[in-house]
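Undergrad: Pasting a structure below so you can have a look.
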Protein chains: 2
Amino acid sequence: MKIQDLPTPSLIVDAPRVRANTAAMRTRIDGHGISLRPHAKTAKSVDVARLALGGEPGGLTVSTLAEADYFLGHGITDLVYAVCVVPSKLDAVQALMNRGADLKLITDNVEVGRAIAAHGAPFRVLVEIDSGEHRTGVAAADSALPEIAAAVAAGGSAARIDGGLTPAGHSYASRSAAEAADIAEAERAAAVLAAERLRTAGFATPIISVGSTPTATHARSLAGVTEARPGVYVFQDLFQAAIGSCGLDDIALSVLASVIGHNRERPALMLDAGGLALSKDRSTGALEGAGDCGFGLVCDLDGNPLDGMTVGNVHQEHGEVRLGDAAILERFPVGAKVRVLPNHACMTAAAYDRYHVTDGGGEITATWTRCNGW
Amino acid sequence: MKIQDLPTPSLIVDAPRVRANTAAMRTRIDGHGISLRPHAKTAKSVDVARLALGGEPGGLTVSTLAEADYFLGHGITDLVYAVCVVPSKLDAVQALMNRGADLKLITDNVEVGRAIAAHGAPFRVLVEIDSGEHRTGVAAADSALPEIAAAVAAGGSAARIDGGLTPAGHSYASRSAAEAADIAEAERAAAVLAAERLRTAGFATPIISVGSTPTATHARSLAGVTEARPGVYVFQDLFQAAIGSCGLDDIALSVLASVIGHNRERPALMLDAGGLALSKDRSTGALEGAGDCGFGLVCDLDGNPLDGMTVGNVHQEHGEVRLGDAAILERFPVGAKVRVLPNHACMTAAAYDRYHVTDGGGEITATWTRCNGW
């Protein structure tokens, strides 16, 4: 089947770009001498995960227990659930472990640490460290750090501390490679300090984990950490291109849409890709200058961006592409198809249950699954 | 099972509120002496549709062919697909008709009208009318109106014109009942004028359809139209409450979330409901004054709004609730559960494959299905 024969809206993945993005990240992280634990929250797909792991055995990061269940079902057992666990989820975690998952949890809270110890199952726990994002996690120098570890491992506990983990979501506020590299260094330093403090307190730290595509891409050194957890790099997106993580030509994800109407007064093209098909993510709107792509950047069927054509407004099933000149309407008759690059690949992909895969040309060569929900 | 025993995030529906919302709209539309064709795009659920139809046979509006397929599978055959069709979708429409769907299409384009006629199947078509939203549709006075109808019904065509349909999405810009009533009157007048022009041109108009929750709620008269297509009223949401379509107490949809962390510095509660679980819809952010609820309004487990507690920021799986006072953290220990009312019910519900239904108390009494995708 050819791309233009798919129903619309459909989610398209350019496999050569995924292979290139994943190979580049493997090379980069290999160069640091540490492990790559791709964050599966972007693609939520075993096919993409296998490319990200380069066909080797390896571990993944997940953002939901539904992802853990899905990847376990595909034989991937080494998993970090990188959202702070709560006691009510421990039974579900134990059930996954009983099925063979080597599932590591994270927490930043002494009370949760006590609940993990009291549960009785042999949970493996990383303390979440705040390296500057100030969302979740404890500061590396915080007295709570060894207290949380001690709560998890309190006398007789079957649970154990396996190290520390820090996200660097604030790297999304970087606007250059140099800024991302500076944040990466702060992230690394915090993780290393936390690990030292855990070891001083008597805990082993086989896993010292840092994250994020911008920091993994631009880090000058990852000395002292054991693994990196970038996620969105597998697909990249308009936001990552805008902040310097990639080029537009690296973006592997797009939404196939039909032109369903001409609005001659605005003038505008109407697409059948709206707020559900593209998501309502407006992250590029926070960028200064020309980086604002509305709800997505319109490309031709070959994936080439069309100058100045962005989805400026969305309704549930309608996307509106304002045009500078009504004459452009004639190039896109009703029924014509276009591809729309997403602001934020993780959000856009979540509306779909599968990927239609191209070899970079016009043919659909495979279908890849993904999991959704919780 | 009790609400607090559900995994988080989960989607909760308060059935008594759905019954009240749907009964009120039936009474209102019955009072106008016209038919109610609920827009199923909000709930995408046969259980909600049956309540909306009051247990009577009746028709629905759908926004995707996936919804048409789902409702047809549940025995509901009278359907309007209220997004402009494109020629590439006509085979799929015909397949649904062959399975028994009485599926009406809409178009605002002469070329599509010709393609519908040329296809050869007995399609039933409504011309989409622009009553002021200026998104899709032709103006009621536009010369294109009879041209589109003539294209559909051109000599020998098995397809036929069944009337006209207009959305009034611009009613979402109303800020009072009076403003919504004014837009409703403009919508009605445009639909009636278009119908007169179609009849003058020799076309029957058994269906003259108007839409939107604000206009269906506040219309002074719907004389001359045959049906109304409100959608979000089944659940209502924060945006509808803000513009006067309902009260906060009418909102039937909420997301159950766990407190997964305390951020003492901000201070803030962290929830496990983020951009995916709540959607990134920020429609209340466009409201002046105190109407901005961030990404959702936090309620206790009984559904009572907690003063001033909104989800101010989201990451993929994290929602951040800023607090004026760190002492409030003690009321919500890690592991506590809350319910979050959505800005836009249609967008939030789309992340889930089912509804957990309460009787208005603390028990989950049923599970309702929904369909997603395209």
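Where a number appears in this text, it was derived from the coordinates with a stated rule and is not lab data. Only a predicted model underlies this, so the values are computations on that prediction, with no experimental measurement involved. Backbone-built Cβ (ideal geometry, glycine too); neighbour counts: all protein chains shown.
Undergrad: I need the phi-derived Karplus couplings for region A:237-254: 6.51 cos²θ - 1.76 cosθ + 1.60, θ = phi - 60°, integer Hz, Gly and Pro marked x.
TA: Once rounded to whole Hz, the list reads 6, 5, 5, 5, 5, 5, 9, x, 6, 6, x, 4, 6, 8, 6, 9, 10, 8.
Undergrad: Only four residue types carry charge here, +1 at the Cβ of Lys and Arg and -1 at the Cβ of Asp and Glu. Report the dipole size of region A:40-86 about the Cα centre in Debye, rounded to the nearest 20.
TA: Dipole of region A:40-86, to the nearest 20 debye: 120 debye.
Undergrad: What are the residues whose amide H is under 5 Å from the amide H of B:SER212, where those residues sit 5 or more places off or on another chain and H is modelled from the backbone?
TA: The list, which skips near neighbours in sequence, is B:ALA168, B:ARG229, B:GLY231.
Undergrad: Oh, and also: Given the pairs A:LYS337/B:LYS44; B:LYS41/B:LYS337; A:LYS41/A:LYS104; A:LYS280/B:LYS41, which are separated by over 19 angstrom at their Cα positions?
TA: A:LYS337/B:LYS44; B:LYS41/B:LYS337
Undergrad: Next question. Among A:HIS134, A:HIS170, A:HIS32, which one moves the most in a GNM of chain A with springs linking Cα atoms closer than 10 Å?
TA: Answer for the Gaussian network model of chain A: A:HIS134.
Undergrad: Two decimals is fine: what is log10 I(q)/I(0) at q = 0.05 Å⁻¹ for the protein assembly as shown, from a Debye sum with one equal scatterer on every Cα and no solvent?
TA: For the protein assembly as shown at q = 0.05 Å⁻¹, log10 I(q)/I(0) is -0.25.
Undergrad: What share of the DSSP beta bridges in chain B is antiparallel, in percent to the nearest 5?
TA: Bridges in chain B are about 50 percent antiparallel.
Undergrad: Connecting C-alpha atoms closer than 10 Å in a GNM of chain A, tell me which of A:LEU145, A:LEU193, A:LEU341 has the biggest fluctuation.
TA: A:LEU193
Undergrad: In the Gaussian network model of chain A, springs joining C-alpha atoms below 10 Å, which of A:ARG135, A:ARG197, A:ARG17 carries the largest mean-square fluctuation?
TA: Of A:ARG135, A:ARG197, A:ARG17, the Gaussian network model singles out A:ARG135 as fluctuating most.
Undergrad: Could I ask something else about it? Using θ = phi - 60° and the Karplus relation 6.51 cos²θ - 1.76 cosθ + 1.60, list the HN-Hα couplings for region A:53-59 in order, rounded to whole Hz, with x at every Gly or Pro.
TA: Rounded to whole hertz, the list is 8, x, x, 8, x, x, x.
Undergrad: How big is the Rg/Rh ratio for region B:269-372, C-alpha atoms only, Rh by Kirkwood, two decimals?
TA: Rounded to two decimals, Rg over Rh is 0.97.
Undergrad: Here's something else I'd like to know. For A:ASP78, what residues show an amide H to amide H distance below 5 Å, using hydrogens built from the backbone and excluding near sequence neighbours?
TA: Correct list: A:LEU60, A:ASP102.
Undergrad: So what's Rg/Rh here for region A:1-146, counting alpha carbon atoms and using the Kirkwood radius for Rh? The partial results should precede the final answer.
TA: Values: Rg = 17.9 Å, Rh = 17.2 Å.
Computed over Cα atoms, the ratio is 1.04.
Undergrad: FRET efficiency for B:THR200 and B:ASP249, Cβ-Cβ distance as r, R0 = 41 Å, nearest 0.05?
TA: 0.30
Undergrad: Moving on. Would you calculate the volume per residue, in Å³, of the smallest convex hull containing every Cα atom of chain B? Please report the intermediate quantities before stating the final value.
TA: On the way: hull volume 46.6 nm³, N = 374.
Here the figure is 125 Å³ per residue.
Undergrad: Counting pairs of alpha carbon atoms under 8 Å apart in space and at least six apart in sequence, what relative contact order in percent does chain B give?
TA: 20 percent.
Undergrad: Related question: List the aspartates and glutamates whose alpha-carbon lies under 18 Å from that of B:LYS2, not counting same-chain residues fewer than 8 positions away?
TA: Here the aspartates and glutamates satisfying the reach criterion relative to B:LYS2 are A:ASP91, B:ASP14, B:ASP300, B:ASP302, B:ASP359, B:GLU363.
Undergrad: Next question. Dipole of the protein assembly as shown (Lys/Arg Cβ +1, Asp/Glu Cβ -1, origin at the Cα centre): which of A:ALA204, B:ALA20, A:LEU90 lies farthest to the positive side?
TA: A:LEU90
Undergrad: Output, in nm with one decimal and in ascending order, the distances from the B:LEU306 label point to the matching label points of the other copies (7 Å from Cα along Cα-to-Cβ).
TA: 4.7
Undergrad: Any number yet on Rg/Rh for region B:32-234, C-alpha, Kirkwood?
TA: 0.95
Undergrad: Here is a further query. Amide H neighbours of A:GLY360 under 5 Å, at least 5 residues apart or on other chains, H built in the peptide plane: list them.
TA: For A:GLY360, whose amide H was placed from the backbone, the distant partners under 5 Å are A:ALA15.
Undergrad: Using each residue's phi in region A:39-44, evaluate 6.51 cos²θ - 1.76 cosθ + 1.60 at θ = phi - 60° and report the 3J(HN,Hα) Karplus result to the nearest Hz, with x for Gly and Pro.
TA: Result, ordered by residue: 7, 7, 5, 6, 8, 6 Hz.
Undergrad: Modelled label-to-label distance, A:THR367 and B:ARG175, 7 Å Cα→beta-carbon offset: nm?
TA: Placing both labels 7 Å beyond Cα along the Cβ direction yields 4.9 nm.
Undergrad: Order the peptides A:240-252, B:174-186 from the highest to the lowest mean number of other Cβ atoms within 10 Å of their residues.
TA: Packing proxy ranking, top to bottom: A:240-252, B:174-186.
Undergrad: Percent antiparallel among DSSP beta bridges with both residues in the protein assembly as shown, to the nearest 5?
TA: Rounded to the nearest five, the antiparallel share is 50 percent.
Undergrad: To confirm my reading of the symmetry, which residue of chain A has the Cβ nearest the axis that brings A onto B, and what whole-Å distance does it have?
TA: Here the nearest residue and distance are A:LYS280, 2.
Undergrad: I would also like to ask the following. Quick one: plug the Kirkwood hydrodynamic radius of region B:135-213 (C-alpha pairs) into Stokes-Einstein at 10 °C, 1.306 mPa s, and report D in µm²/s.
TA: Values: Rh = 13.4 Å.
Answer from the Stokes-Einstein relation: 118 µm²/s.
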